[in-house]
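K.L.:
Structure incoming, see below.
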Amino acid sequence: MTMTFSERADQLCDTLREIEHQAEEGDELFYCAYLLGLLGLHSSAEGEGKEAFDVAFTGTLTETLEAEGVVESDQTNILTLWQTVCKRAV
């Protein structure tokens, strides 16, 4: 059965919360919180499919990071965490 965008967002949030609980440094906690906040805003998007959601959210994430002026090193770390979360949330 195909997963809805809402179900995928929930799955990704659960995975992020697991990572957040294991985080040992403030920066990693910030990256988790950033992604959780943005996922919360986009969890009601209509659509189906894990890959479709991941691709759409990656685009939104990249645009948001740039629009908000997040420094490049933080952008890299947030995007790396996002890729890790996508791989773990299966």
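K.L.:
Given the rule -39500 (n - 2.57) for each run of at least 4 DSSP H residues, summed and divided by the residues of the chain, what is its mean residue ellipticity at 222 nm, to the nearest 500 deg cm²/dmol?
P.N.:
Dividing the helical sum by the residues of the chain leaves -26000 deg cm²/dmol.
K.L.:
Which loop GluC sites (Glu not before Pro) in the chain, with loop taken from DSSP, have no more than 16 other Cβ atoms within 10 angstrom of their Cβ?
P.N.:
Glu24, Glu25, Glu46, Glu68
K.L.:
Along Cα→Cβ, 7 Å out, is where each label goes; now give me the distance between the ones at Glu46 and Glu24 in nm to one decimal.
P.N.:
Using points 7 Å along Cα→Cβ, the separation is 4.7 nm.
Rule-based calculations on the coordinates, nothing more; no lab input. Just so it is clear, the model here is predicted, and its values are computed rather than measured. Backbone-built Cβ (ideal geometry, glycine too); neighbour counts: all protein chains shown.
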